[in-house]
Amino acid sequence: MSRLLDIQDLCIGFSAYGQHRRVLHHVNMHVEEGERVSLIGQSGSGKTVTMRTIIGTLPMPPGKVEQGSIHYAGQSLLDLARAERNALKGTGISIVLQDPMLSFNPVLTIGRQMDDIIRYADIRSGRRRPKAERRAQMVETLRKVQLKDSGRVLDSYPVMLSGGMRQRVLIGMALLNKPRLLIADEPGTALDVTTQAEILALLNTLVAKEGLSLLLITHNLGVVREMADRVYVMERGHIVESGPRDDIFDAPDHPYTRRLMAAVPPLYGHKVKTVTHTGPGDMVAVEGVSKDFLTRGGWLNRVTGQFRAVRDVTLNVARGDVFGVAGESGSGKTTLAKMILGLTSPSAGEIRLDGRPVSDFAGTRDFRKLIQIVYQNPGSSLNRRRTVADQLAVPLKFTGQDRAAITRRIGELLTLVDLPQAYASMYPHELSGGQKQRVAIARALSVNPRILVLDEPTSALDVLVQSTVIDLLNRLRDEFDLTYIFISHDLSLMRNFCNRVAVMLRGEVVETGPVADIFDAPRHPYTRALLSAIPVISPEEDARKPPVTEAERAKVLATSTELED
């Protein structure tokens, strides 16, 4: 096979405010025709800088290629004029980014955005095709990414599609003009496990059928094991290890690679959490709770019916529990959490916190001192225009403390989450993902709550940072006698963090119990399908996954489609 992409001795630096820093150091890597190559490493290792340099979107300045070369199909990309480089985007090299919503224009239909891509390529090639011919190309492309209702998809706006459908459309847009190299940057990170499994299977199929080469950039090592032929490991801008996938996973040579492997929460093994309950009674009691939403349609936006998002859910969370709520997107997890937090009222049933009905004191200061939430993406939950100190001070101002007491408390909170007190004057953009999440945890703890709702708190973090955040949460729980409700679709992490789990499907709890029982002997077909879809890093874990019949798998896939619709 010949090399389609060849990077030799690449060094890249950034200059700002009179200072210079090299971020890529003598990087050598290549992708051959029809090959699937993965570039792995934690956040800040240089993966994105490498990707943006290949695609031609690295800002220069402040970035600068100090030495080295990048060749695509024999062409030196760094020597091409801007117009020639732009002409390769989408035709020679295409990219699928992590968050499809950031790749779409929210005010244009999918069809309009796909048509713009086709017309741009036609203009550059001197062609003019009728609209019907361009639409036929769009329909055919959507068929390739397994979206059957192409007419509805093309006429929809991005917000009208589910996450899985948006990711499929984004892959289709990348394939519109028949590129030879596809770069996938964390293509399944924001998706639940069954949808992620479908997207990864789709990428594998497209690589085989369309003759593509794939460069997969990710920190999910389970995905790498399922997708890659060869692997490059990057740390602080250096390629520290490379080789065939099986060699890297079976016998990692570099200490950094071994650290990455050790940080992956195992799906099976010895890390089952046990919790000692610290008092009698339940901290959270959910009894027969349902939630209905009205559906509207037509020009006058009239009520056309109602949709039951949560159906007769009964759960009990003991004091000190780390209680996991698992399920796909659309299963009702977030709606249930909002009712527990008093942000929306149940249509039926009752929720009690520490023996008191939520309806009696939701929205009061006593309620907010009892329960707080840590959101999924700290970059969105923190105000980018305020310093860390300003954001930690907001909840403290409602406690009646004077300025000096608030300043002391801010220092205590930063120390509590293992951040230097000097970080109080910093803004969110100056912090790493893990540091931002620590600030979000400190803000939630500022009023000394007894219950924390953790809504996907580590899904945006790489495995090493995720491991440190989980260690922090475990320490805080033990130190302050906290009760956690952990909402996630990462069942591997849930097994190693929670002591009890509830699995939700279409708003119902289909299975609940201790983690060991749910993972070692799942009773419901949906639970077995979820566990079966988890990407793991060893054949031994693969062999221990619960068996799923084709009929059960088809039923779960049908359920996933209904949830997306």
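Return the total of residues in segment 419-433 being touching a Pro at 6+ places or on another chain (Cβ under 9 Å) and within 19 Å of Asp471 (Cα to Cα).
The qualifying residues number 1.
Hey, among the residues in segment 484-508 that are charged (D, E, K, R) and closer than 23 Å to Leu353 by Cβ, which one's surrounded by the most Cβ atoms within 10 Å (Cβ to Cβ)? Steps first, please.
Restricting attention to segment 484-508, the residues satisfying the condition of being charged (D, E, K, R) are 490, 495, 500, 506, 508.
From the residues that got through so far, the ones that are closer than 23 Å to Leu353 by Cβ too are 500, 508.
Details: Arg500: 20, Glu508: 17.
Taking the candidates together, the pick is Arg500.
Tally up the residues in segment 415-432 that are closer than 20 Å to Gln376 by Cα and touching a helix residue (DSSP H, G or I) at 6+ places or on another chain (Cβ under 6 Å), please.
3
When you check Asp481 against the structure, is it open to solvent by 10 Å² or more (accessible area, probe 1.4 Å) and either within 16 Å of the chain's Cα centre (by Cα) or farther than 20 Å from Ala326 by Cα (or both), yes or no?
Working: open to solvent by 10 Å² or more (accessible area, probe 1.4 Å): yes; either within 16 Å of the chain's Cα centre (by Cα) or farther than 20 Å from Ala326 by Cα (or both): yes.
So Asp481 passes the test.
Those residues that are of a type in the set (A, V, I, L, M) and not in a helix (DSSP H, G or I), I need them from segment 335-371; list them, please. Steps first, please.
First, the residues of segment 335-371 that are of a type in the set (A, V, I, L, M): 336-337, 339-341, 343, 348, 351, 353, 358, 362, 370-371.
Passing the criteria: Leu341, Leu343, Ala348, Ile351, Leu353, Ala362, Ile371.
Please find, among Gln98, Gln67, Gln75, the residue that is open to solvent by 40 Å² or more (accessible area, probe 1.4 Å), at pLDDT 85 or above, touching a strand residue (DSSP E or B) at 6+ places or on another chain (Cβ under 6 Å) and among the polar types (S, T, N, Q). Working first, answer last.
Working: Gln98 fails: at pLDDT 85 or above; Gln75 fails: touching a strand residue (DSSP E or B) at 6+ places or on another chain (Cβ under 6 Å).
Result of the check over Gln98, Gln67, Gln75: Gln67.
Which one of these is farther than 23 Å from Asn28 by Cβ and either surrounded by fewer than 21 Cβ atoms within 10 Å (Cβ to Cβ) or modelled with pLDDT of 85 or more (or both): Ala208, Ala251? It would help to see each step written out before you state the result.
Values: Ala251 fails: farther than 23 Å from Asn28 by Cβ.
Testing whether each residue is farther than 23 Å from Asn28 by Cβ and either surrounded by fewer than 21 Cβ atoms within 10 Å (Cβ to Cβ) or modelled with pLDDT of 85 or more (or both) leaves just Ala208.
On the basis of being aliphatic (A, V, I, L, M) and either loosely packed, with under 13 Cβ neighbours inside 10 Å or touching a helix residue (DSSP H, G or I) at 6+ places or on another chain (Cβ under 7 Å) (or both), does Ala81 make the cut? Give the steps one after another, and end with the answer.
Values: aliphatic (A, V, I, L, M): yes; either loosely packed, with under 13 Cβ neighbours inside 10 Å or touching a helix residue (DSSP H, G or I) at 6+ places or on another chain (Cβ under 7 Å) (or both): yes.
Answer is yes for this residue.
From the set of residues in segment 34-46 that are at pLDDT below 90 and open to solvent by 20 Å² or more (accessible area, probe 1.4 Å), which is farthest from Gly433 (Cα to Cα)? Can you show your working first?
Looking only at segment 34-46, we keep the residues that are at pLDDT below 90, and these are 34, 41-46.
From the residues that got through so far, the ones that are open to solvent by 20 Å² or more (accessible area, probe 1.4 Å) too are 34, 42-44.
Details: Gly34: 34, Gln42: 11, Ser43: 8, Gly44: 10 Å.
Going through the qualifying residues, I end up with Gly34.
If I go through segment 329-348 residue by residue, how many of them are open to solvent by less than 60 Å² (accessible area, probe 1.4 Å) and touching a Ser or Thr at 6+ places or on another chain (Cβ under 6 Å)? Full working, then the answer.
Narrowing segment 329-348 to residues open to solvent by less than 60 Å² (accessible area, probe 1.4 Å): 330-333, 335-337, 339-342, 344, 346, 348.
Checking which are touching a Ser or Thr at 6+ places or on another chain (Cβ under 6 Å) leaves us with 348.
So the count comes out to 1.
Within segment 25-120, considering only strands (runs of 3 or more DSSP E) that don't extend past its boundaries, which have at least 1 residues that are under 27 Å from Ala263 (Cα atoms)? Before you say what the answer is, go through the steps one by one.
Details: elements: 36-40, 63-72, 93-96.
Of the strands (runs of 3 or more DSSP E) lying wholly inside segment 25-120, those with at least 1 residues that are under 27 Å from Ala263 (Cα atoms) span 36-40, 93-96.
Tally up the residues in segment 513-534 that are in contact with a Lys or Arg (Cβ under 7 Å, 6 or more places away or on another chain) and aromatic (Phe, Trp, Tyr), please.
1
Among the residues of segment 310-330, is any free of Cβ contacts under 8 Å to residues at least 24 places away in the same chain and not charged (D, E, K, R)? Before you say what the answer is, go through the steps one by one.
Just the residues of segment 310-330 that are free of Cβ contacts under 8 Å to residues at least 24 places away in the same chain, to begin with: none.
Taking every residue of segment 310-330 in turn, none turns out to be free of Cβ contacts under 8 Å to residues at least 24 places away in the same chain and not charged (D, E, K, R).
Among the candidates Ile118, Ile123, which residue alone is within 17 Å of Asn86 (Cα to Cα) and free of Cβ contacts under 8 Å to residues at least 12 places away in the same chain? If you could, list the steps in order and put the result at the bottom.
On the way: Ile118 fails: free of Cβ contacts under 8 Å to residues at least 12 places away in the same chain.
It is Ile123.
Restricting the search to segment 382-428, which residues are part of a helix (DSSP H, G or I) and touching a Phe, Trp or Tyr at 6+ places or on another chain (Cβ under 8 Å)? So that I can check it myself, show each step before the final result.
Taking segment 382-428 and keeping what is part of a helix (DSSP H, G or I), we get 388-399, 403-416, 421-425, 428.
Val388, Leu414 - these are the residues of segment 382-428 that are part of a helix (DSSP H, G or I) and touching a Phe, Trp or Tyr at 6+ places or on another chain (Cβ under 8 Å).
Which count do you get for residues in segment 31-47 that are out of contact with any helix residue (DSSP H, G or I) (no Cβ under 7 Å at 6 or more places or on another chain), under 27 Å from Phe14 (Cα atoms) and not hydroxyl-bearing (Ser, Thr, Tyr)?
Qualifying residue count for the region: 5.
Just to be sure I understand, how many residues within segment 509-565 are modelled with pLDDT of 85 or more, of a type in the set (Gly, Ala, Ser) and open to solvent by 50 Å² or more (accessible area, probe 1.4 Å)?
1
For the structure I just gave you, tell me whether Pro457 is buried (at least 23 other Cβ atoms within 10 Å of the Cβ) and in contact (Cβ under 8 Å) with a residue 12 or more places away in the chain.
Details: buried (at least 23 other Cβ atoms within 10 Å of the Cβ): yes; in contact (Cβ under 8 Å) with a residue 12 or more places away in the chain: yes.
Yes.
With Arg365, Arg352 as the choices, which residue is open to solvent by 40 Å² or more (accessible area, probe 1.4 Å) and at pLDDT 90 or above? Spell out how you get there, then give the answer.
Values: Arg365 fails: at pLDDT 90 or above.
It is Arg352.
Select from segment 43-64 the residues that are touching a strand residue (DSSP E or B) at 6+ places or on another chain (Cβ under 9 Å) and polar (S, T, N, Q) and write down the one among them that is farthest from Arg180 (Cα to Cα).
This residue is Ser45.
Among (1) under 13 Å from Ala444 (Cα atoms); (2) open to solvent by 50 Å² or more (accessible area, probe 1.4 Å); (3) hydroxyl-bearing (Ser, Thr, Tyr), where does Ser381 come up short?
(2)
Return the pairs, sorted by first residue and then second, in which the second residue is aliphatic (A, V, I, L, M) and open to solvent by less than 90 Å² (accessible area, probe 1.4 Å), the first residue lies in segment 135-164 and is at positive phi, the beta carbons are less than 9 Å apart, and the residues are 6+ apart or on different chains.
Gln146/Leu202
Can you tell me which residue in segment 386-406 is farthest from Arg365 (Cα to Cα), limited to those that are open to solvent by 80 Å² or more (accessible area, probe 1.4 Å) and in contact (Cβ under 8 Å) with a residue 12 or more places away in the chain?
Just the residues of segment 386-406 that are open to solvent by 80 Å² or more (accessible area, probe 1.4 Å), to begin with: 386, 397-398, 402-403.
Now narrow it down to the ones that are in contact (Cβ under 8 Å) with a residue 12 or more places away in the chain: 386, 398.
Numbers: Arg386: 23, Phe398: 8 Å.
Checking each candidate, the answer is Arg386.
The values are calculated or read from the model by the stated rules, or taken from the named source; none is laboratory data. Predicted, not measured: the structure shown is a model, and the values here were computed from it. Cβ atoms come from the backbone with ideal geometry, glycine included; neighbour counts cover every protein chain shown. Just the protein is used for accessible areas: all its heavy atoms, side chains included, with ligands, DNA and RNA removed. Shrake-Rupley method; radii C 1.70, N 1.55, O 1.52, S 1.80 Å.
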